[in-house]
Structure formats: C-alpha cells, structure tokens
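Each reported figure results from applying straightforward, stated rules to the coordinates on display, with no laboratory input. Everything numeric here is computed off the predicted structure, so don't read it as measured data. Here Cβ is always computed from backbone atoms with ideal geometry, including for glycine, and neighbour counts include all displayed protein chains.
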Amino acid sequence: MNSTFESLPNTQPLPSARRSARRCARHPHFRRLVRVGLLLCVLGLLLCAVLGWAYLASLPSVGDAPQRVQAILRAHHGVSAGMPPPQKVGQAIVAVEDQRFYSNHGIDAPSMLHFTWGYVTTGSTQAAGATITEQLVKRLYVREPTTLAGKLEMMGLALKMNQAYTKPQILSMYLDAIYYGHQAYGIAQASETYFHTTPNQLNWGQASMLAGLPQAPSVYDPFKRFDLARERQQHVLSRLVATGALTSAQAAAAYAETPSLP
C-alpha cells in the first residue's frame, strides 16, 4: 500500500530575547550608541566635579574658625572647654545630633538625599537635619541658612571644615560655639549655669540634659520647663543606648540621678 505524506512547512523557531540582544549588541550602530552614552556620562561626571571644585574654591576659608568661636565666647563672657572635648557631653551630643559624625565627611549622604527629595517635591529646604559640622559652619559663617543658596553654602563649608580640622577639634568648637539657654554660650558656661560644675565633671544625667538643649533652648529650659527638659533628656539617653555608649541600665541610672533645678 502506498501512502503519501503531506510535507509540513519548514518553520524555524523564533529567536529568543537573548539572541536578539546579542544580535543588537553586534550591530555597529548599537555599539556606537553605547560608546556615545558612556562618553556623555563620563563628561557629565567630570563637569559636575569641575563645577563642584569651582564652587568650593569660591567659598571663604575656614582657617579662622577657632578665632570666630573665641569671638563668640568673648562677646558673651564665656570660656572654652578646651581640648579634648568633654567625653560624656561630647558623646551625648554626637548620639543625638549626628550619630555618623566620626564617619561622615562633614555632610551626611542619607540626609542629603532626603534634602534633595524634599526640595524637588515641595521646594522646602527644611527637609533634612544638619550634621554637627554643618551646624558649626552655620553658626560661624552662613547668614541665610534657610535658603537654597545658604544650604549649599553650609554643605560646601562643612566639607572644607572636615578637611581642615580633626573630628575632636570640630566637636570641641561646636560645644564652645553653641547656645544652651539662659545666656550660656559654650559648654563651660552651660555646665556652670545649670549644674555649678565643669564640663569634665558632668555625670551622665547632667551631660544628657545639656546635650538636649541646643535644639531648642527656650523650649527645653530646665529652669522653666523641667518636664519638657526631662523628656528631651530621656530621648538623648535612648540615643546613647542605641549607639552603644550606654546600656539600658546605665541610661536608667543616669535619668534617675539628675537633680531637679531651682
């Protein structure tokens, strides 16, 4: 018996996405576009670097920062706490104000991203907290810190400050330059005003209370609003626990040992 077979059409499987990509990659026009794209990226990065360098160069020098701190103290009859910065209040300030102080370069990358996003979406320059170094240059140099130009100036000067001084020097200047309420400028004057002692003699309870004052000295005034000062102190102690400076038991003991103020 003869049987005939119908011939099936000679079909080839469709090329996979990977084969299509390889074919495109081998295409001269595609390779040229990739090269041009990479070149534009490199040129863009170089342009940003040059503009950034030029902007930093246009900012004032921070070489006179210690003299500016001393001028603040003299104007308010304060004295410097000296070097090294007082250990306990220094650790407390870092814990609550800038926990990455010893690892950042004067500015904090997550805070910068937060600031950029806030400015793009809302136009506000208040979206991110400032590092200790930024707060210091704001106190010493920046006249309009709430504007975009002022914020950029603060960031640029913080980078220069971080290059010019060691972290202990920056922290020491910050502690000396900040206002703690009740006409107390600098940690030495604040220690005497509130606790009748020197910065190096502060216990953890006293240090944690003073570290909470610079954010809003009138709001957390221990003489007039001791309850709010205690709430702020508790937050500072919780940050000291979070950063490993204190255990929970040590923080609880520090909170309990803080005397009430007249």
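Taking each residue of the stretch 235-246 that is surrounded by 16 or more Cβ atoms within 10 Å (Cβ to Cβ) and looking for partners that are among the basic types (Lys, Arg) with beta-carbon atoms closer than 9 Å, six or more apart or interchain, yields Ala245/Lys88; Ala245/Arg239.
Annotation: of all residues in the stretch 213-229 being in contact with a Phe, Trp or Tyr (Cβ under 8 Å, 6 or more places away or on another chain) and over 22 Å from Val79 (Cβ atoms), the one that is surrounded by the fewest Cβ atoms within 10 Å (Cβ to Cβ) is Leu228. Among residues of the stretch 175-202 being part of a loop (DSSP other than H, G, I, E, B) and of a type in the set (Gly, Ala, Ser), the one that is surrounded by the most Cβ atoms within 10 Å (Cβ to Cβ) is Gly186. Whether a residue is out of contact with any Leu (no Cβ under 9 Å at 6 or more places or on another chain), in contact (Cβ under 8 Å) with a residue 40 or more places away in the chain and either of a type outside the set (Ser, Thr, Tyr) or surrounded by fewer than 22 Cβ atoms within 10 Å (Cβ to Cβ) (or both) was assessed, and Met155 passes this test.
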